[in-house]
Amino acid sequence: MRIDELKQEIIDYSKEIGIDKIGFASADVFSELRERLRRQQELNYQSGFEKGTIEERTEPARLLPEAQSIISIAIAYPSRIKNQIRSTKEERRGIFARASWGIDYHVVLRDRLEKLSNFIKEKYPDAVNKVMVDTGELSDRAVAERAGIGFSGKNTSIITKEFGSFVYLGELITNLPFIPDDPVTDSCGDCRKCLDACPTGALVQGGQLNAQRCIAFLTQTKDFLPEEFRSKIGNRIYGCDTCQQVCPYNKGVDFHLHPEFEPDPEIAKPKLKPMLRMSNREFKEKFGHLSGAWRGKKPLQRNALLALAHYKDQTAVEEITTVMKEDPRPMIRGTAAWSLGKIGTSEAFDAIRDAMKFEKDEHVLFEMEKGLKFELQP
């Protein structure tokens, strides 16, 4: 079979198995990306979640020595919840970012890519393939851009013509020499809505992200959240969609093409108070299937405490006080104390003072003192 015929068969098959966009790229070194990553490293803009060395992230042949081509795929996900539910004063809710709605996309995309790989091997038994989704060394966005899936926006997302930036990306490196597709020539032009809307100024300039300031990254950290970001989190439990929500290319974009990604409102927008003392088993049963659960319950519970502080939810004072006094984790106790201070009722301040008599951890005591400082503010 000729390689161009195989390419068309792969494109046709991809539609049958639920891949929304597919593109083909060369496996050449990503030279421009390599320089950008080095610059990110120099500026300490990396998140620390990146896998592999800069060389492994930009040289496909280091991952598959026979590499000649990379197949990039994109699958669209919803931007709106069909059966919308809202917070009430009695039951405040948090929000998971859209990319964490439904079943973990790593599982879904890997399934699609494995099917694609098997299809290629059936047609071409000498094919050698390597599948990657997000957690691999290669930059999904750089591959997708080269393969013509979309262009790289100023918000650092791949923006497609059909689905905006609400797409998951994955790739398959292969030893087959497919003819590459042309990159997309669209661009953001003079638009800077995402840069202006970013709550923490993480988008330093068009296409450059300081991950250390990005809320999507910060919601996944496991330590005390730096104080300058606590009021910026809002009601976010995991991730942040602001730079996508304001993007003109995403206006009116909402695709419900895959049942796996359909959000359950009670999970995508969970009640905050029940999250605070959730056991590991309860957490796994309710949230374990989400991509947003990969860091465990600790950062999400911390974010739930900050969200209740954001709402100044007086109905949560008793629950947060119990957490402050009884939770075995210092970071959670300390965040609870800060949140009580932010809520700012006399009952909350009294609870902090009472707990300080028994608290031994210096970090928690420091947070308790910070919580009490809110009492002095007008």
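The values are calculated or read from the model by the stated rules, or taken from the named source; none is laboratory data. Bear in mind that the values here come from a model prediction, so they are computed numbers and not experimental data. Quick reminder, even Gly has a Cβ in these numbers, built from the backbone with ideal geometry, and neighbours come from all protein chains shown.
Couple of notes before you dig in:
- Scanning the stretch 338-378 for residues that are among the small types (G, A, S) and more than 16 Å from K312 (Cα to Cα) yields one hit, A355.
- Note on the stretch 137-151: among residues that are under 17 Å from D182 (Cα atoms) and modelled with pLDDT under 95, the one that is farthest from the chain's Cα centre (by Cα) is A142.
- Residues being within 11 Å of L365 (Cα to Cα) and in contact with a Phe, Trp or Tyr (Cβ under 9 Å, 6 or more places away or on another chain) - total across the stretch 332-343: 3
- The number of residues in the stretch 64-113 being among the acidic types (D, E) and over 30 Å from I10 (Cβ atoms) comes to 2.
- Some residue of the stretch 28-39 being more than 23 Å from G148 (Cα to Cα) and modelled with pLDDT under 95: yes
- Under the condition of being among the small types (G, A, S), touching a residue at least 12 places away in the same chain (Cβ under 8 Å) and more than 17 Å from L63 (Cβ to Cβ), the residues counted in the stretch 140-194 number 8.
- Among (1) of a type in the set (D, E); (2) over 17 Å from the mean Cα position of the chain (by Cα); (3) at pLDDT below 95 - the single one D134 does not satisfy: (2)
- Complete set of residues in the stretch 199-218 that are part of a loop (DSSP other than H, G, I, E, B) and either of a type in the set (S, T, N, Q) or touching a strand residue (DSSP E or B) at 6+ places or on another chain (Cβ under 7 Å) (or both): T200, A202, G207, N210
- Test for T221: is it under 26 Å from Q46 (Cβ atoms), in contact with a Phe, Trp or Tyr (Cβ under 7 Å, 6 or more places away or on another chain) and part of a loop (DSSP other than H, G, I, E, B): no
- E50 vs. criteria farther than 27 Å from F217 by Cα and either modelled with pLDDT under 95 or surrounded by fewer than 21 Cβ atoms within 10 Å (Cβ to Cβ) (or both): no
- Answer from K82, K154 - the residue that is more than 26 Å from P265 (Cβ to Cβ) and in a loop (DSSP other than H, G, I, E, B): K154
- Set D186, D190, D196, D181: member being in a helix (DSSP H, G or I) and surrounded by fewer than 20 Cβ atoms within 10 Å (Cβ to Cβ): D196
- Some residue of the stretch 33-56 being outside the structural domain of G239 (by TED's automatic domain parsing), under 17 Å from Y124 (Cβ atoms) and within 27 Å of the chain's Cα centre (by Cα): no
- Boolean, A147 is buried (at least 21 other Cβ atoms within 10 Å of the Cβ) and not charged (D, E, K, R): yes
- Yes/no for T322 being over 14 Å from L272 (Cβ atoms), among the β-branched types (V, I, T) and free of Cβ contacts under 8 Å to residues at least 40 places away in the same chain: no
- Selection within the stretch 88-117 - more than 18 Å from H258 (Cα to Cα) and charged (D, E, K, R): K89, E90, E91, R92, R93
- Single residue of the stretch 103-117 satisfying the filter (under 17 Å from A76 (Cβ atoms) and free of Cβ contacts under 8 Å to residues at least 40 places away in the same chain) that is surrounded by the fewest Cβ atoms within 10 Å (Cβ to Cβ): V107
- Hits in the stretch 265-301 - residues which are acidic (D, E) and in contact (Cβ under 8 Å) with a residue 40 or more places away in the chain: E266
- Test for I75: is it outside the structural domain of E262 (by TED's automatic domain parsing) and in a loop (DSSP other than H, G, I, E, B): no
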